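Asker: Mind having a look at this structure? Questions to follow.
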Amino acid sequence: MTAGRVRVHRNPAALTGVGFPGHLEAHLPATVCRRARDTITRWPGYAPTPLRELPELAGELGVGRLSYKDESGRFGQGSFKALGGAYGVFRAVVAHVGRMRGTAPEGTASEGTAPAGEASVEAEQADVEAEVGSGRAVEAASLTVATASDGNHGRAVAWGASRFGCRCVVYLHASVSRHRSEAIAALGGEVVRVPGGYDDAVRRCATDARANGWELVADTSDDPDAPGPREVMAGYTTLVTEVLDVLGRDRPPSHVVVPGGVGGLAAAVIAETWRALGPDRPDVVVVEPALAACLSVSARSGAPTPVTIHRETVMAGLSCGEVSAPAWPIVHAGTSAFVTLDDATVPAAMRRLAQAPA
């Protein structure tokens, strides 16, 4: 289906009328998401971001209600990325400190461990998390975290590193604006510029991290079992819980529209709404720039399919040519439709949203 510069691909693989499937639970477990939300909501400065109502736009579009999750105030970082990137750093620092202290990582106690021993391990883990969360874990200074970014994820990782006391290196591709680079540097992040696009920065960052013994805090991976992107996605589920707390589980939205990128945010939104609402979950619509529609192209082919970025889109944070393998199974099974937009549609849409009454 095509309407002007908007193209819609209805996803025949979408599962409907069922609860959140067990085979998807393994990709983003409820326990991991709950742990992320419990941690993030205890951070200083945490507050739910507003769900803004847009009645005039709803009337223009002929829908009963239109709500917009405004993430511009999230931890002063201007983006939902602060939930995932900073939480990914937190988990990396917790693991690093635990290794240095010789404490057992969470979930590694043997089946034969006595309950008292398990309680001791849990207490040690809780102590480490508390120290890391307060920025008092001195061992954090010996850790370097690294990531590739279009800007906002790198800023979130740099903010998390400054908060939890570790070094941070952020790889930015050539088209990332100077403003975004300076925002990362202002938080103590060391910026490395990479020729090419976002996916080139991802590959360079992974190579350098392996060579230098750095910890990757990535929001994407070609390994479907990579734990880092899973923790980042788990952090994103916080915003879903906030939305449902406002709307109530008894009056959920009929549709949720979410930006694409590599698929991490979409997977988090799909998983958490599906878990919370079961077979009555809303239809999820994933929106991408036509110049970087890796999720839509992958849905059409039935498997993750890279796309070549010939020109950078004005939707800078979505200029991604390769799907995140950890996110893909959830996105593929849970997205009702993929929408691609030409860049020419964006300025007018941005102006119209900016003019909408708060």
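Asker: List, in order, the whole-Hz ³J(HN,Hα) value for each residue of the stretch 179-185 obtained from phi through the Karplus relation with A = 6.51, B = -1.76, C = 1.60 and θ = phi - 60°; use x for Gly and Pro.
Answerer: 4, 5, 5, 5, 5, 5, 5
Asker: Amide H of Val256 versus every other amide H placed in the peptide plane: which residues, excluding those fewer than 5 positions away on the same chain, fall under 5 Å?
Answerer: Long-range HN contacts for Val256: Asp283, Val284, Val285.
Asker: Would you mind working out the magnitude of the charge dipole of the chain relative to its Cα centre, with +1 at each Lys and Arg C-beta and -1 at each Asp and Glu C-beta, to the nearest 20 Debye?
Answerer: Value, rounded to 20: 760 debye.
Asker: Name the residue, out of Glu190, Glu25, Glu56, whose mean-square fluctuation peaks in a Gaussian network model built on the chain with Cα pairs under 10 Å.
Answerer: Comparing Glu190, Glu25, Glu56 in the GNM, the peak value goes to Glu56.
Asker: Another question, if that's okay. Please give the FRET efficiency for His23 paired with Arg249, using the beta carbon to beta carbon distance and R0 = 22 Å, rounded to the nearest 0.05.
Answerer: Values: r = 24 Å, r/R0 = 1.11.
According to the calculation, E is roughly 0.35.
Asker: Along the principal axes of its C-alpha atoms, what lengths does the stretch 10-62 span, in descending order and rounded to whole Å?
Answerer: Ordered largest first, the stretch 10-62 gives principal extents of 42, 41, 14 Å.
Asker: For a quick check: with amide H placed at 1.01 Å from N, whose amide H comes under 5 Å from Asn11's, ignoring anything fewer than 5 positions away on the same chain?
Answerer: For Asn11, whose amide H was placed from the backbone, the distant partners under 5 Å are Ala337, Phe338.
Asker: So, one more: Let me spell out the model: positive unit charges on the Cβ of Lys and Arg, negative unit charges on the Cβ of Asp and Glu, origin at the Cα centre of the stretch 202-261. What dipole size does that give, in debye rounded to 20?
Answerer: Values: 6 positive and 10 negative charges, 29 e Å.
Roughly 140 debye, rounded to the nearest 20.
Asker: With θ set to phi - 60°, apply the Karplus curve 6.51 cos²θ - 1.76 cosθ + 1.60 along the stretch 217-234 and write out the HN-Hα couplings as whole Hz, x wherever there is a Gly or Pro.
Answerer: With the stated coefficients, the stretch 217-234 comes to 10, 9, 9, 8, 6, 8, 9, x, 9, 4, x, x, x, 5, 5, 4, 4, 4 Hz.
Asker: Tally up the carbon and sulfur contribution to the accessible surface of the chain as a whole percent, 1.4 Å probe, everything protein left in place. Let's see the in-between values first.
Answerer: Numbers: 8730 of 16020 Å².
Exposed carbon and sulfur together represent 55 percent of the surface.
Asker: May I pose another question? Per the Debye formula with a single identical scatterer at each Cα and no solvent contribution, what log10 I(q)/I(0) holds for the stretch 237-278 at q = 0.24, 0.25, 0.27 Å⁻¹?
Answerer: With no solvent term, the Cα-only Debye profile gives -0.82, -0.88, -1.01.
Asker: Candidates [x] 21.0; [y] 24.3; [z] 25.2; which is the computed Kirkwood radius over Cα pairs in Å?
Answerer: Read-out taken from this structure: [x].
Asker: Give, as ranges by residue number, the residues of the stretch 211-243 whose backbone N falls under 18 Å from the point 7 Å along Cα→Cβ of Glu53.
Answerer: Once the point is set 7 Å along Cα→Cβ of Glu53, 243 turn out to lie under 18 Å by backbone N, inside the stretch 211-243.
Asker: Also, quick follow-up: Quick one: Karplus J couplings for the stretch 126-136, per residue in order, coefficients 6.51, -1.76, 1.60, θ = phi - 60°, nearest Hz, x for Gly and Pro?
Answerer: In residue order, the calculated couplings are 4, 5, 4, 4, 5, 5, 5, x, 8, x, 9 Hz.
Asker: Using amide H atoms built 1.01 Å from N in the peptide plane, name the residues 5+ places from Val192, or on other chains, whose amide H lies under 5 Å from its own.
Answerer: It is Val170, Tyr171, Leu172, by chain and number.
Asker: Give the residue from Pro279, Ser324, His310 lying farthest towards the positive end of the charge dipole for the stretch 279-336; charges sit on Cβ (+1 for Lys and Arg, -1 for Asp and Glu) and the dipole is referred to the Cα centre.
Answerer: Going by the Cα projections, it comes out as His310.
Asker: Going by Cα centres, the stretch 56-79 and the stretch 307-358 are how many Å apart?
Answerer: Using only Cα atoms, the two centres lie 16 Å from each other.
The values are calculated or read from the model by the stated rules, or taken from the named source; none is laboratory data. Computed from a predicted model, the values in this text were never measured in an experiment. Backbone-built Cβ (ideal geometry, glycine too); neighbour counts: all protein chains shown. Heavy atoms of the whole protein, side chains included, go into the accessibility calculation; ligands, DNA and RNA do not. Shrake-Rupley method; radii C 1.70, N 1.55, O 1.52, S 1.80 Å.
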